[in-house]
Amino acid sequence: MGFDELRETVRGRVLVAGDADFEDVARPWNVAVTQPVAAVVEAVDVADVVAVVRFASDSGRAVVTQPTGHGASGDVAEAILLRTGLLNEVRVDVAARRAFVGAGAQWGQVQAAAAEHGLAGLSGSNPVVGVTGYTLGGGLGWFGRKYGWASEAVRAFEIVDAEGVEAKVTAESDPELFFALSGGGGDFGVVTGLEFDLFPVPVVYGGRVTWPGERLPEVWELFVELTSHAPDELSVWFERFQFPGAPEMVALDVAYLGDAEPGRELVAGIDRLGGAVSDTRAVLSVAEIGAITAEPTAPSPSISRAELLTEIDDDAVKALLQSPVAPLINIQVRHLGGALARPTAGARGPVTAPYVVYLLGLGLPQLRDAVRDKVDAVVSALGGVIAPAKPFTFLAPGESAAAAFAEPTLDRLREVKRNRDPHRVIRSNFPVSA
């Protein structure tokens, strides 16, 4: 079945190979990933989403939804790529401490709207990441140790199901589907909107402190010390950086959900250590939370891998600290714990591992083999302390949803998939189906 019929049905653009903008619109956030889709549709409203899903079902194709293209796996051959970035409405109900967002809303929009009222959503560290994909995968960010996974804050999902029918899904209206959507990924329907709780965060004290690479042992010791007694309001991330042609640097990223005085006291060891080449710590509005890590906000090629760590023993320290960062550009260790380890109602489930390590390298053709070899070497060296069920949003191309869930949870998710979408019309970046 061709796409002329779809062009006549939807209001948004329908692009196929050979169209002027097709390659650009089909490209994901990580431009090292290839997306061999059959067509791209830019939906302008929910009616467009309904039309795309029904067309896909009738024509035997799958629908892959990507508002921003973060988290793309490349497993999209001959699918229809549905772009929902134009469905980006954001509404804040101050009295109820709730937000309603469209499928294409980005976290920067939400935090800007919520910050005006001293509130925050449970966002990640980058303001241009889409709310929907992040939340469907659980959602891990600066507020997690205090308030838990972003998926646990959701009160309702608005979806178009695999038959092209609109529905509002709550824990009361459809417990199994709500469970699956709450951290199980995007394999169960096209989400067109979410309603979720906001939390009181009037200000954040945070920023990045950076030292020359030769201070690595001292900074690491400080990271271990700070995370050994951090209250849930404080999150600390450790970073090793080495950009091409530049010397290695080491940093601590901190975010304290509160005023500067108690926050600075909690991380006073940073000031005692001294010798920093830069220190961006300041009182921030929630709308400025992205300034802490200042992550790229434009697409780029990358290769990454994340693993949960049950502990950081001597072998792990050696793997993380005692070889050069290059050819990677970043080795990051995030402190978890707090509310992230507590029981949940959704598919995400608690994570009891105290740390997650994230490895990142440039996905340029001349570097890919070396970057992959380095990633494999670090992961192999960490093998004894790697924990199962890593965060879904940290899955990388070549991995599967099985790496993100305990076996009973994965079985339950697959049962929901079989019952709600037996023909696999909806396809997540990382499908739960075996």
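One table, with the values for the structure above:
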| quantity | calculated |
| --- | --- |
| Some residue of the range 97-119 being touching a residue at least 12 places away in the same chain (Cβ under 8 Å), basic (Lys, Arg), out of contact with any Ser or Thr (no Cβ under 7 Å at 6 or more places or on another chain) and not assigned by TED's automatic domain parsing to the domain that holds Gly144 | no |
| Total residues in the range 21-41, condition assigned to a helix (DSSP H, G or I) and of a type in the set (A, V, I, L, M, F, W, C) | 3 |
| Any hit, the range 137-145, residues being surrounded by 24 or more Cβ atoms within 10 Å (Cβ to Cβ) and touching an Asp or Glu at 6+ places or on another chain (Cβ under 6 Å) | yes |
| Pair list, Cβ under 7 Å, 6 or more apart: the range 215-232 residue in contact (Cβ under 8 Å) with a residue 12 or more places away in the chain, other residue surrounded by fewer than 13 Cβ atoms within 10 Å (Cβ to Cβ) | Arg215/Gly275 |
| Options Lys168, Lys146; residue that is farther than 29 Å from Leu6 by Cα, at pLDDT 95 or above and of a type outside the set (A, V, I, L, M, F, W, C) | Lys146 |
| In the range 217-263, the residues that are polar (S, T, N, Q) and not in a helix (DSSP H, G or I) | Ser235, Gln242 |
| Total residues in the range 260-293, condition among the hydroxyl-bearing types (Ser, Thr, Tyr) and either farther than 29 Å from Gly108 by Cα or touching a Gly at 6+ places or on another chain (Cβ under 8 Å) (or both) | 1 |
| Verdict on Arg83 being at pLDDT 95 or above, among the charged types (D, E, K, R) and surrounded by 19 or more Cβ atoms within 10 Å (Cβ to Cβ) | yes |
| Those residues of the range 343-372 which are of a type in the set (D, E, K, R) and in contact with a helix residue (DSSP H, G or I) (Cβ under 9 Å, 6 or more places away or on another chain), in sequence order | Arg348 |
| Evaluation of Val44 against (1) closer than 22 Å to Gly137 by Cβ; (2) in contact (Cβ under 8 Å) with a residue 24 or more places away in the chain; (3) part of a loop (DSSP other than H, G, I, E, B) (one fails), failing number | (1) |
| Qualifying residue in the range 53-76 (condition: among the aliphatic types (A, V, I, L, M) and in contact with an Asp or Glu (Cβ under 7 Å, 6 or more places away or on another chain)) | no |
| Residues satisfying the stated conditions in the range 321-340, i.e. assigned to a loop (DSSP other than H, G, I, E, B), more than 17 Å from Ala396 (Cα to Cα) and either among the hydroxyl-bearing types (Ser, Thr, Tyr) or in contact with a Gly (Cβ under 8 Å, 6 or more places away or on another chain) (or both) | Ser323, Pro327, Leu336 |
| Close pairs from the range 67-78: first touching a residue at least 12 places away in the same chain (Cβ under 8 Å), partner among the hydroxyl-bearing types (Ser, Thr, Tyr), Cβ under 8 Å, at least 6 apart | Pro67/Thr84; Pro67/Thr132; His70/Tyr134; Gly71/Thr393; Gly74/Thr34 |
| Unique residue being surrounded by fewer than 24 Cβ atoms within 10 Å (Cβ to Cβ) and either out of contact with any Asp or Glu (no Cβ under 6 Å at 6 or more places or on another chain) or free of Cβ contacts under 8 Å to residues at least 12 places away in the same chain (or both) when the list is Phe199, Phe188, Phe157 | Phe199 |
| From the options Ser323, Ser278, residue that is modelled with pLDDT of 95 or more, polar (S, T, N, Q) and outside the structural domain of Gly137 (by TED's automatic domain parsing) | Ser278 |
| Residue list for the range 264-320, filter: part of a helix (DSSP H, G or I), under 18 Å from Gln332 (Cα atoms) and not β-branched (Val, Ile, Thr) | Gly290, Ala291, Asp314, Asp315, Ala316, Lys318, Ala319, Leu320 |
| Residue that is nearest to Ala62 (Cα to Cα) [pool: residues in the range 149-193 that are among the acidic types (Asp, Glu) and in a helix (DSSP H, G or I)] | Glu176 |
| Residues that are in contact with a strand residue (DSSP E or B) (Cβ under 9 Å, 6 or more places away or on another chain), surrounded by fewer than 13 Cβ atoms within 10 Å (Cβ to Cβ) and within 20 Å of Trp142 (Cα to Cα), drawn from the range 240-271 | Glu261 |
| Matching residues, the range 341-381, being farther than 30 Å from Pro408 by Cα and assigned to a loop (DSSP other than H, G, I, E, B) | Gly363, Leu364, Pro365, Gln366, Leu367 |
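The values are calculated or read from the model by the stated rules, or taken from the named source; none is laboratory data. None of the values given here were measured: they were computed from a predicted structure. As a convention, Cβ positions derive from the backbone with ideal geometry for all residues, glycine included, and neighbour counts pool all protein chains shown.
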